[in-house]
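Structure first, then comments.
The values are calculated or read from the model by the stated rules, or taken from the named source; none is laboratory data. Everything quoted here is computed from the prediction, not taken from an experiment. Note: ideal-geometry Cβ built from the backbone for every residue, glycine included; neighbour counts use all protein chains shown. These accessible areas exclude ligands, DNA and RNA; they are computed on the full protein's heavy atoms, side chains included. Shrake-Rupley method; radii C 1.70, N 1.55, O 1.52, S 1.80 Å.
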Amino acid sequence: MQVKLDALIEKSKIEWANLYSSKKTVILVGTATCGRSAGALDTINAIENFTNSNGIECEIIEVGCIGLCYAEPLVVIYSEDKPGVCYGEVDEKKVKTILKAHLIDHNPMQKYSLGTFGDEKVEGFPVLFNEPVLKYQVRRALAKCGIIDPTKLEHYLSFGGYEGLKNAFEIGPEKVIETVKDSGLRGRGGAGFPTWRKWQFCHDSDSDQKYLICNADEGDPGAFMNRALLEGDPHALLEGMIISGYALGASTGYIYCRAEYPLALERLHLSIEQAKDIGLLGSNILDSGFDFNIKIKEGAGAFVCGEETALIASIEGYRGMPRPRPPFPAVKGLWGKPTIINNVESLACVSLILKNGAEWFSEVGTESSTGTKTIALVGKIKNTGLVEVPLGTTLEDLVFKVGGGIPNGKKFKAVQTGGPSGGCVPLELLNTPVDYDSLNSVGTIMGSGGVVVMDEDTCMVDFARFFLDFAEKESCGKCVPCRLGTKQMLDILEDIVNGKGKIEDIKLLEDLSEGIISGSLCGLGQTAPNPVKTTLKYFREEYEAHIIDKKCPSKVCKELIHYWIDPELCVGCRVCLGSCPGGAITGDVKVVHVINDNLCTKCGMCYEVCPPKIDAIEIIPGSSVRVV
Amino acid sequence: MQIDLESVFSGYSGKREEIIPILQDAQEKLNYLPKEAMRKIAKFVRVPESSVYAIATFYAQFRFKPMGKNHVMVCRGTACHVNGATRVLEEVEEQLGISEGETREDMEYSLETVACIGACSLAPCMMINKDVEAKINKKKVAKIFSQGN
């Protein structure tokens, strides 16, 4: 089998080199879920139509997500005489124009281009990887996403795929754990527990059967880094799992992946078949004497299953409810056997550590948080997408350099990290480095690496309410502090955003937070109050404005705002009057319109339809009608 | 109604750990989980029917009422929330004439909200069957559904 793999690696490397040295046109199109949502499949159709009808021989390669999601669909064109040029927002309508210019007139179009792809320079085009959004990144886990065809094992192999596994087999399980220890790798899924330590527990326990589970049930709203990795480079995970299984002495691995990720599941099934065919899964892998198989379990939609013991219960066919620990899963897990649960990104890092060495891995990052972290950069930010930066990069650099800052000239307000378990970080603390310990010290967590940016138009009380609503719905109901505590906190927050808040509520929220944190059974409850705690700490004045002044300063909470037509600006065009579903606007042609607040449902329709040139409608904090 | 789940059961041996995948396959085949299916599944895995219900009602994926021909899922993830998902949901409800969690009488549409569909960089978004509609707003919603009707 080893011989067969080596031959395939050799062949893959030659094919990859030939692909780009031949004179054939090569077109890469990003077709991960983000690309598809933006219309990438229609773009491919249009490309095929164009090249066919013009007799252009070309190879279209569907690649994963390179992370520049704001510019999807992305198309990279390599033609015989020019280096690769990356074009952004290539919908089917633009295809003809771009292809004609690039392939027929041999004149790449600057107008739609993001830059050149690779090191070669072309007059008038920036080098894409020197642009701020990519320049500050260190792409390791994501290095092949957007470059290779994830459905081709050969592409993965031509980039040194499965070399880490070969190294692992050479040095043996104990040395594998030692290498991971030396690398300093910490779990990329949440709490940041040292990966090697878990492994050591499991490795040392004496059992006829051990299990490895990959947690790919990415449930944090606002996070999609695992999806992108599974869709763009699935073999990176499989390799990491085989290495991990070897180190632990586990013969079976499970991938617990959300059913909401159909494309990722499809890619995983295909990759497992490919790995089996070449003898990378099954018995006596690469003549090492090690047997390993991977099964896929589809999650059925429960956030709490991110918790280890709940996830295990779910695989066993029960309600996904956590149980008290100890015993920890590394001692007593799936079907009572020692079980290790690792996150997708952690396992992809393992492949790289075994390939490139522990020292290479810890070259970047901080002393206690080594390596890089993939981050989903979303919300009110220009370059929304997926990035990978060295741990220790400050939030400020992440938001303003990599992310390009806040769009539409708005002011930055806060950034939220770690999903529903994390907290909000205000402007004053933007110099906080993104690493496990620094984020903890300001009241938030790394989590899986979701970073949501908020501008002046985001109401922090409403935002806290949003997360509590999520936690309350996702609480499994097993323990009282979480089940009833989140419900009480949510009720209080609902009151506040509806203008019925009392000043005592703030103290009550603080007390409840402490009770839920100390009394809950699992991580869901223990972290659920974090969004409220941090917003109370850093944005208390917004809570007070809602409670005392009955105003929503960010003009979000419906009960605490009102709409007003500026009589100086209104020209009496009747547009808002006609669109108001509540009949709350009076006036006539060329007679100034007035909103009757008693009838207004604050649907915002008038605000949206008022012609931008006139812009007579304003949202004013505070309700003009007394809230009873 | 006569429900045949033999084609689903043929892929399984009837172990407890298979309940969730069986429920998933049954729902895929029948579009929802009618009482009759639940009874048959309970019998197949030799677990009390109440336990099968306990499991099925725990997970958000399972439905006990038929879905419409087109299933609309509006994302309420964090990024979508910050970018106006509430307004989008209001508009979808208005356009379809049903509220979240409901199916239209003509069985053309059903509407649900989901915690996150993982297309956060293109927020706000929604999923219609298996296709993601990205960067939607009130206007786009109106356009999407006026074509469908």
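Computed values, structure above
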read-out	value
Ellipsoid semi-axes in whole angstrom, largest first, where each is sqrt(5λ) of the Cα gyration tensor of region B:6-58	14, 13, 10
Cα-based helix-to-principal-axis angle, A:234-248 vs chain A, degrees rounded to 10	60
Rel. contact order, % - alpha carbon contacts under 8 angstrom, at least six apart, chain A	11
Space enclosed by the convex hull of the alpha-carbon atoms of chain A, per residue, Å³	170
With Cα atoms, 0 to 90° folded angle of helix A:173-183 axis to chain A main axis	40
Region A:1-78, accessible surface, carbon-and-sulfur percent (1.4 angstrom probe)	50
Computed over chain B, the ratio Rg/Rh where both radii use C-alpha atoms and Rh is Kirkwood	1.05
Value of relative contact order over region B:6-58, rounded to a whole percent, pairs C-alpha under 8 Å and six or more apart	36
For the protein assembly as shown, calculated [θ]222 nm from helices alone, where every DSSP H run of n ≥ 4 adds -39500 (n - 2.57)	-11500 deg cm²/dmol
Shielded residues, region A:270-313 - accessible-area loss of 10 Å² or more between chain alone and all protein chains, probe 1.4 Å	A:LYS297, A:GLU298, A:ALA300, A:GLY301, A:ALA302
Highest average packing first - A:384-392, B:90-98, Cβ atoms within 10 Å	A:384-392, B:90-98
In the A-B interface, the accessible area buried, summed over both sides, Å² (probe 1.4 Å)	3500
Estimated FRET transfer efficiency (B:GLU93, A:GLU59; beta-carbon r; R0 56 Å; 0.05)	0.80
1.4 Å probe accessible area per residue over the protein assembly as shown, in Å²	40
Label-point separation, A:LEU427 to A:ASP105 (7 Å along Cα→Cβ), nm	4.6
Exercise: per-residue mean of other protein chain Cβ atoms within 10 Å, A:430-441	0
Burial order of peptide ranges A:546-556, A:233-243 (average beta-carbon count within 10 Å, highest first)	A:233-243, A:546-556
Region A:372-455, relative contact order [Cα under 8 Å, separation at least 6], %	37
Built amide H within the under 5 Å cut-off of B:ASN31, gap 5+	none
Chain-alone versus full-assembly comparison, region B:1-23, residues with accessible loss of at least 40 Å² (1.4 Å probe)	B:ARG16, B:GLU17, B:ILE20
Within the accessible area of chain B (1.4 Å probe), percent carbon and sulfur	48
Share of carbon and sulfur in the accessible heavy-atom surface of region A:372-455 [1.4 Å probe, %]	50
Acute angle (nearest 10 degrees) that the helix A:480-497 long axis makes with the longest principal axis of chain A, alpha-carbon atoms	40
Average partner coverage of B:120-133, which counts Cβ from other chains inside 10 Å	5
For region A:251-267, Karplus couplings with θ = phi - 60° (6.51, -1.76, 1.60), whole Hz, Gly/Pro x	9, 10, x, 10, 10, 9, 10, 5, 5, 6, 10, x, 5, 4, 5, 4, 5
